[in-house]
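All remarks here apply to the structure that follows.
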Amino acid sequence: MSTHSITLKVNGEEHTREVEARLLLVHLIREELELTGTHIGCDTTSCGACTILLNGRPVKSCTMFAVQASGAEIASVEGLATNGNLHPIQEGFTEKHGLQCGYCTPGMMMTTVALLKDNPNPNEEDIRWGVAD
Amino acid sequence: MLYLDIVRSPYAHAKIKNINIEEALATPGVVSVVTGKDLDAHGLASMPTLMSDKQMVLPIDKVKYQAQEVAAVVATSRYAAADGVEAVEVDYEPLPVVVDPFKALEDGATKVRDDKDSNLIWHWETGDKDATDKVFDEADIVVEQSMYIPRIHVVSIETCGCVASFEPIEGKLTLYMTTQAPHAIRTVLALVAGHVGLSEEKIRVIAPDIGGGFGGKVPIYPGYIIAVAVSFLTGKPVKWIEDRSENLQADSFARDYHIKAALSAKKDGTLTAIKIKTVADHGYTDAAANPSKFPAGLFHICTGSYDFKQAHVEVDGVYTNKPPGGIAYRCSFRVTEAVHCLERMTDIMAHELDIDPAELRMKNFIRPEQFPYSSVLGWEYDSGDYEKALRKAMEMIEYDKLREEQKEKRARGELMGIGISSFTEVVGAGPSKDYDILGLKMFDSAEIRVHPTGKVMARFGTKSQGQGHETTYAQIIAEELGIPPEHIQIEEGDTDTAPYGLGTYASRSTPVAGAAGALAARKIHDKAKKIAAHLLEASEEDLEWEQGKFFVKGSPDRSKTIQEIAFAAYTNHPQGRSGHLLRPTQLDLSFRLLHLCRRHRPGHGRSQDPPFRRRGRLRCSHQPDDRRGADPWRSHDGDGARASRRDLL
């Protein structure tokens, strides 16, 4: 199995790793970089628990190779809060108890961040399409 | 750490002609490939299910359902293990498949199990058939309905999985796993693998935080046994975590009841009898977790909240080429199936008689004055006022207004439905005379320790999967002892520390283990009263309790808080009041201890141990101050601060 040297920025911090071509991005994030806020729910790109932002776009990291993210800027749920202050999306989810069991909440929040960046005043249909993205 | 991945069958029924593992073994990172024949050499190719049926760990000659485990690959990483799985070549000869339980019962049907005479696992019935038929013959009206409650799969947050870690020096297995019943699993493991040296005291099951079980984490799956076997043979920790796709295809299912029901009534809407015939599809093995006395679980709660004079229920358990079924999802065993059947029939009868479904229910509810009530199928109901509850619910939703709204809407062609359902569920399995798992009587336990500063550690034989036992149990103990819940630490899920229990499923934890907690707390309360009496120089009869303290009747200022009593128990314990406490009268001379601890254990090659490193060996000294006995709040002879729910039953 071929290996590749990749460099990527995660939550503002640059990382270089030697990885196998088939290493999934979510395994790089969770197991190599030890950022376990990103969860794996279904491993079939259905549920969105593993959603991260890749250059600002929401992406399901369980079905993308780490090598495809080389050179990219990634944001995971750990990067939302700044200086100990929750991101407005985190505050909103807290205030409205926007979760059921909480497992997919990191993915839901990352998706919401991306949605509101493009469309700060979405209607219900926009939101339904947005979270299903 | 080694990683385990599993080769699964693409066929629902097939003969295994050959398994070629050469290429897999040559795959980088692969350590070994395990087949049924390898396990068979150790007598581990099959295991008993919780219903005393037989389940394959790995097959030797045939697979019986799609996605069945066929072989396991052990490797140094999960990616390498997956590579190994791809490289295993299995040569199958497909066989005829039977997936319809009615066809499985026909003459000449493909036989699912070579070790059985037919696909009928068991026939179970209850109630008086003749008497029920007679009521039907005399009924003004009879309605009939067939219904299928489909096979479903539970979905918990994390799939099943484990880390099996066998430590060869100590000969001890630690199994971290997502199980709802850690102690029962430990016992089953000892029964399955006792002959290869896994003795129950050498097995520690630890169930950490679990994200939902729904019955799916009660059974033992082949992956667990293979991981244990590989760890046992290699002496290394082995991790097995299912993919979601594997979990949904191969782990045990729920429901799958084909029900044919008939309900009889008088013209005035009095329900008189119910008859139910059910075909239960159990897949290729009966791996449900029902009490052995009741193979269809508690399905005979199907007379529900109504006063039936007669009922008759028949269930046929059937083998098909599917994964095991019969787990208790979202209810006590098979109660959901029973409730659905009865309430559906009640609605059909209401429709047929043109009586409002709420009125029909109210007319037939067991009346408050009938309690305690014995149902015709043998259940004892202690209390209830079902009509009052339904009336209250109807007021809350403004039922009459809803019916008006429905009428108006229907008049203009808009459809609107109003559904009513009531149910009586039997929970809290259970009274030991009727309930067991593999013969283990269904009790549960609690063990409570109060520390000198009045803080509590309480351990239970159940295992929360997100239900919040930590909150519930702490509140129960807090109520009994007057100690704030935030000062009560609750622990479950570690078989080395928690008292034996049957686990969490079928809505049993609060009524059984929670009650054990209350009983244990009451024993502590009684001891605390004795100590308080001593401290206050009063007789026990003269003491009164208010939340958190004892005081002398008529002198509320003469009082001792539970925290003061706890501290006194360790520092000022009255002589003769400590039934379970060894109090040394003089110091022991223990310098010989060094000598003992340097002893070399033959055959273990560990003579270099620093003398004080291992607590286990410190115990070879003859210190009279036994560590456990020195805690007056915790009795280890079974009648002190421990209580079992059996006491109540």
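The values are calculated or read from the model by the stated rules, or taken from the named source; none is laboratory data. Fair warning: this is a prediction, and the values are worked out from it, not measured in the lab. With ideal geometry, Cβ positions are generated from the backbone for all residues, glycine too; neighbour counts draw on all protein chains shown. These area figures cover heavy atoms from the full protein model, side chains too; ligands, DNA and RNA do not enter into them. Shrake-Rupley method; radii C 1.70, N 1.55, O 1.52, S 1.80 Å.
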Whole-Hz Karplus ³J(HN,Hα) for the range B:419-428, in order, using 6.51 cos²θ - 1.76 cosθ + 1.60 and θ = phi - 60°, x for Gly and Pro? x, 10, 8, 10, 8, 10, 10, 8, 10, x
Give, in nm to one decimal, the length gained when the segment between residue B:526 and residue B:195 is fully stretched (0.36 nm per residue of separation minus the Cα-Cα distance). 114.6 nm
What whole-number value in Å² describes the accessible area per residue of the range A:3-124 for a 1.4 Å probe? 53
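Per the 1.4 Å probe, what fraction of the accessible area of the range B:305-428, in percent, lies on carbon and sulfur atoms?
C and S atoms contribute 50 percent here.
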Given the protein chains as shown and a 1.4 Å probe, how many square angstrom of residue B:102 are accessible, to the nearest 10? 100
Which of the helices in chain A meet the span-like rule: DSSP H, Cα axial reach of 18 Å or more, Kyte-Doolittle mean at least -1.0? A:105-118
Mean Cβ neighbour count within 10 Å, used as a protection proxy, ranking B:403-413, A:24-34 highest first: A:24-34, B:403-413
Can you bin every Cα-Cα distance in chain B into 10 Å intervals starting at zero and give me the percent of pairs per bin, rounded to whole numbers? 3, 13, 19, 21, 19, 14, 8, 3, 1, 0
Heavy-atom accessible area, 1.4 Å probe, ligands and nucleic acids excluded: residues of the range B:241-261 down by at least 30 Å² from chain alone: B:244
Derived scalar couplings ³J(HN,Hα) [the range B:109-122; Karplus, 6.51 cos²θ - 1.76 cosθ + 1.60; whole Hz; x for Gly, Pro]: 5, 4, 8, 6, 10, 5, 8, 10, 6, 8, 8, 7, 7, 7
Sorting check: for B:415-422, B:449-456, B:338-345, which peptide has the highest mean count of neighbouring beta carbons within 10 Å, and how do the rest follow? B:338-345, B:449-456, B:415-422
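What is the mean projected area of the alpha carbon convex hull for the range A:16-123, to one decimal in square nanometres?
Details: hull surface 30.3 nm².
It is 7.6 nm².
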Summed buried accessible surface, chains B and A, 1.4 Å probe, nearest 100 Å²: 800
May I have the extent of the alpha carbons of the protein assembly as shown along their three principal axes, as whole Å values ordered from largest to smallest? 90, 85, 67
Strictly greater than 19 Å: what percent of every Cα pair in the range B:93-165 meets that? 69
Please give every one of the lysines within straight-line cross-link reach of residue B:363, meaning a C-alpha to C-alpha distance under 22 Å, and leave out same-chain neighbours fewer than 8 residues apart. B:266, B:267, B:275, B:309, B:388, B:392, B:401
Counting only protein heavy atoms and using a 1.4 Å probe, what share of the accessible area of the range B:52-164 belongs to carbon plus sulfur, as a whole percent? 48
Can you give the accessible area per residue of the range B:151-231, in Å², using a 1.4 Å probe? 28
Per residue, the convex hull volume that the Cα atoms of the range B:378-537 enclose (Å³): 217
Those aspartates and glutamates that a straight Cα-Cα span of less than 13 Å connects to residue B:129, excepting residues fewer than 8 apart in one chain: B:137, B:314
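Expressed as a rounded percentage, what relative contact order does the range A:31-133 have, with Cα pairs under 8 Å and six or more residues apart?
About 30 percent, as a whole number.
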Let me have the relative contact order for chain B, percent, based on Cα pairs under 8 Å that are six or more residues apart. 13
Compute accessible area for the range B:149-192 by itself and then with all protein chains, 1.4 Å probe, and report residues whose area falls by 10 Å² or more. B:157
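Taking the range B:82-217, how much of its Cα-Cα pair set, in percent, is spaced more than 20 angstrom apart?
Percentage above 20 Å: 74.
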Taking 0.36 nm per intervening residue step and subtracting the Cα-Cα distance, what contour gain separates residue B:131 from residue B:393 on full extension? 90.8 nm
Roughly how compact is the range B:138-207, stated as its Cα Rg over 2.2 N^0.38 Å to two decimals? 1.95
Apply the Debye scattering formula to the range B:274-350, with a single equal point scatterer on each alpha-carbon and no solvent, then give log10 I(q)/I(0) at q = 0.21, 0.22, 0.27, 0.28 Å⁻¹. -0.96, -1.03, -1.35, -1.40
Just from the alpha-carbon atoms, what are the Rg and Dmax of the range B:232-363 in angstroms? 19.5, 73
